[in-house]
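Structure first, commentary second.
The values are calculated or read from the model by the stated rules, or taken from the named source; none is laboratory data. Just so it is clear, the model here is predicted, and its values are computed rather than measured. Positions of Cβ are backbone-derived with ideal geometry, glycine not excepted, and every protein chain shown enters the neighbour counts.
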Amino acid sequence: MEQQLAGHELVGQRRTPPGSLLNLWFKATSAIVKYGFAIEYRDLEPPRTGIFDGLRISIDPDVDFEMQCFILLHLFGHSIQWTAPSLAKELTALKDTTDKTVFMQALHAYEYQAARFGMQLMREIGVRDLDQWYSDFRVTDWRYVETYYATDLIPPWYECVVHNQPLVEPLPIPPIELRRVEVRYAF
């Protein structure tokens with residue numbers, strides 16, 4: 001049996017100044033709770049680094065703090081997607097297709113939209129010094145996910161890291177109706 005690595009061993013770091021990330025963390029956690037989502041630390045089974053269920057965002061505490069900040073923003077974006085009635089139709093291709101090409105296109109759009117909601121949250125809380133960090137992390141994360149789906153193997157994080165990517169455009173957050181959804185996860 002192949003040995004599984006803990007989530008914090010699967011992901012890397014980008015080395016953003018800790019003060020900026022602390023500011024982001026404190027403001028983002030407060031805003032996310034005000035949107036109605038609970039945030040918790042939970043020991044997750046590898047390779048999961050974070051999960052969400054429409055009511056709660058859970059992050060594995062063993063994951064590096066920089067990655068926790070990205071996961072928090074990104075899973076907030078996904079939580080919006082699954083709880084906003086106006087977005088329900090956009091999830092159809094992601095949930096109901098067996099065509100891998102169609103699925104990958106839908107997954108890319110889904111991941112980018114979640115990132116846009118994360119960037120909108122950053123705007124709402126007044127964090128503007130991390131746009132490039134977040135945009136680079138978003139593309140790095142996509143390369144990681146895309147490689148996984150293409151190979152069925154979790155790639156080395158460092159092979160996916162990119163820099164100087166186009167900035168993510170914020171997307172206004174639609175009205176949400178908090179409700180439990182099938183658990184989804186980041187890895």
Inset, instruction - Could you please give the count of residues in the stretch 34-44 that are surrounded by 12 or more Cβ atoms within 10 Å (Cβ to Cβ) and either closer than 18 Å to D64 by Cβ or in contact with a Cys (Cβ under 8 Å, 6 or more places away or on another chain) (or both)? - result: 4
Legend entry - Unmet criterion (only one of (1) assigned to a loop (DSSP other than H, G, I, E, B); (2) of a type in the set (S, T, Y); (3) at pLDDT 95 or above) for T16: (3)
Inset, instruction - Tell me which of these T147 doesn't satisfy, since it passes every other one: (1) outside any helix (DSSP H, G or I); (2) surrounded by fewer than 20 Cβ atoms within 10 Å (Cβ to Cβ). - result: (1)
Legend entry - Tally, over the stretch 71-130, of residues that are farther than 22 Å from Y149 by Cβ, of a type in the set (K, R) and in contact (Cβ under 8 Å) with a residue 24 or more places away in the chain: 1
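Looking at the stretch 150-164, is at least one residue surrounded by fewer than 16 Cβ atoms within 10 Å (Cβ to Cβ), at positive phi and either of a type outside the set (S, T, N, Q) or assigned to a loop (DSSP other than H, G, I, E, B) (or both)?
Checked the stretch 150-164: at least one residue is surrounded by fewer than 16 Cβ atoms within 10 Å (Cβ to Cβ), at positive phi and either of a type outside the set (S, T, N, Q) or assigned to a loop (DSSP other than H, G, I, E, B) (or both).
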